[in-house]
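Here is the structure we will look at.
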Amino acid sequence: MKITLKIERGFESVTALATKILGSSITFSLALCLVLYWWATNLFTSNDSHQNIGDFIFGTTFLSLFLIQKSFNRYSALINLKLNELVSSHQDANNSVMNTHTKTESEITELVKEYIEEEIVEIENFIQEQQKKTI
């Protein structure tokens, strides 16, 4: 069990690093330079318009990856910040949901299971109270 947890934590670290790198402005700038160089050397030297259109679409799609990742990183950070603010401001809140972006996927799954179980218990209690009122 320890080895799988170490592997999972390692994979989470690599994924977090890749997400940061792919979403950075510097990486996008480097990718843009690479694509512009590629287009400049290939688009004007090739007479095949079909290949030129394909290269243009491929380059645009490649650059879109970095833009989407940057947007997702920003949105995710804002959501985490707001969630942490809401949890910390509520006295009865469970602080285990704070900083969920640092948790592994299995830890998040366990938290989800706990919340589902709590919801089921609350629903059952509500149903029992309603039944007592009707009797």
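The values are calculated or read from the model by the stated rules, or taken from the named source; none is laboratory data. Please read all numbers here as calculations on a predicted model, not as lab measurements. Here Cβ is always computed from backbone atoms with ideal geometry, including for glycine, and neighbour counts include all displayed protein chains.
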Exercise for the section: Answer yes or no: is there a residue in the range 57-65 that is among the hydrophobic types (A, V, I, L, M, F, W, C), more than 18 Å from ALA31 (Cα to Cα) and in a helix (DSSP H, G or I). Expected result: no
Problem - Residue within the range 63-73 that is more than 25 Å from the chain's Cα centre (by Cα) and of a type in the set (Ser, Thr, Tyr) present - result: no
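So which residues in the range 14-50 are of a type in the set (Gly, Ala, Ser) and surrounded by 11 or more Cβ atoms within 10 Å (Cβ to Cβ), if there are any at all? Step through it out loud before you land on a result.
Applying the first criterion (of a type in the set (Gly, Ala, Ser)) to the range 14-50 yields 16, 18, 23-25, 29, 31, 40, 46, 49.
Scanning the range 14-50 gives ALA16, ALA18, GLY23, SER24, SER29, ALA31, SER46.
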Exercise for the section: Residue by residue through the range 20-47, note down the ones that are part of a helix (DSSP H, G or I), in contact with a Phe, Trp or Tyr (Cβ under 8 Å, 6 or more places away or on another chain) and closer than 30 Å to GLU107 by Cα. Expected result: LEU22
Completion exercise
(1) closer than 29 Å to GLU118 by Cβ; (2) among the basic types (Lys, Arg); (3) in contact (Cβ under 8 Å) with a residue 24 or more places away in the chain all hold for LYS70 apart from (1)
Exercise for the section: Could you list all residues from the range 122-135 that are exposed (fewer than 10 other Cβ atoms within 10 Å of the Cβ) and among the aliphatic types (A, V, I, L, M)? Expected result: ILE135
Practice task
Scan the range 50-66 and give yes if some residue there is at pLDDT 90 or above and more than 27 Å from LYS20 (Cβ to Cβ), otherwise no.
Solution key: yes
Fill in the blank from the handout: Note on ALA77: of the conditions (1) at pLDDT 85 or above; (2) assigned by TED's automatic domain parsing to the domain that holds ARG9, unmet is (1)
